[in-house]
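Read-outs: derived from the displayed coordinates by stated rules, not from any lab. Please read all numbers here as calculations on a predicted model, not as lab measurements. Glycine gets a Cβ as well: all are built from the backbone with ideal geometry, and neighbour counts include every protein chain shown.
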Amino acid sequence: MDVGERLPRRRREPNICPRCGTKVDKPYKTWQLVAPMPDAYGRITITIMGMYECPNCGHKWRAVVSKIKTGGGEVEVETSKGKRKLGATQQPVKREGPIIEIDIDEEEEEE
Ligand SMILES: [Zn+2]
């Protein structure tokens, strides 16, 4: 395994520019990735992805904004601030057939 390909993911804020460290307010675009398969606990993971653009150096990158796990009567939201469980206050996502929304925008600059 090439360790160089693995980003150090030490609870890094998704909105910090990986190039210059500037904090970006919010992504200019977000979308959801819904896992096609439930996890071992029967929960569906919804990943909220965001595209960020650094106002300082113009770097664009894609990052996970948050993750939502739903199913089994509870909803768990995972963000850079940690995990949060939302018991019955939120309705579980209805699954009406396979709703797989994948919209990966390849506009980002890669170097
Ligand atoms: Zn930057």
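Residue pairs exceeding 21 angstrom between C-alpha atoms, taken from Lys29/Lys60; Lys29/Lys85; Lys23/Lys60; Lys23/Lys85: Lys29/Lys85; Lys23/Lys85. Note on the stretch 18-62: semi-axes of the ellipsoid equivalent to its C-alpha gyration tensor, largest first and rounded to whole Å, are 30, 10, 7. Its Cα gyration tensor gives the stretch 10-86 an equivalent ellipsoid; the semi-axes, largest first and in whole Å, are 28, 12, 9.
The ranking of Leu33, Leu86 from fewest to most other beta carbons within 10 Å of each one's beta carbon is Leu86, Leu33.
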